[in-house]
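Asker: Below is one structure. I have some questions about it.
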Amino acid sequence: MAAGFRSEFPAAPKNDDDDKWTAPPKLWGKMLDLIYSGNMASAKILCDLSWPGNLSGKDLFWKDFNEQLQTSPYYHDIKKASFQSVPATRN
């Protein structure tokens, strides 16, 4: 699965030329599936395995992704449901 997402990075849309990272929307979707089912650690692993080694911005993507996740009305439930003891945290 990670190899499939990795192959989609070159075609991933950028919002503007100043974007610090670009990731395929399908990767985000799968990460959200994992997170909303209580598997935050698996979502992070999937991100790490999917991100091309020659592409910068992974840490910034993860930070921005988590900041956006924290705006969810379900954030409290997501945090409580982390079955892998790696809850989403506010920075």
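The values are calculated or read from the model by the stated rules, or taken from the named source; none is laboratory data. Quick caveat, the model's predicted, so the values are computed rather than measured. Cβ atoms come from the backbone with ideal geometry, glycine included; neighbour counts cover every protein chain shown.
Asker: Can you confirm whether segment 36-44 contains a residue that is crowded, with 18+ Cβ neighbours inside 10 Å, under 11 Å from the mean Cα position of the chain (by Cα) and at pLDDT below 90?
Answerer: Scanning segment 36-44 turns up at least one residue that is crowded, with 18+ Cβ neighbours inside 10 Å, under 11 Å from the mean Cα position of the chain (by Cα) and at pLDDT below 90.
Asker: Okay, moving on. The conditions are (1) surrounded by 16 or more Cβ atoms within 10 Å (Cβ to Cβ); (2) modelled with pLDDT of 90 or more, and Trp21 fails exactly one of them. Which is it?
Answerer: Every listed condition holds for Trp21 apart from (2).
Asker: Taking segment 61-78, which residues are of a type outside the set (Phe, Trp, Tyr) and part of a loop (DSSP other than H, G, I, E, B)?
Answerer: The answer is Gln70, Thr71, Ser72, Pro73.
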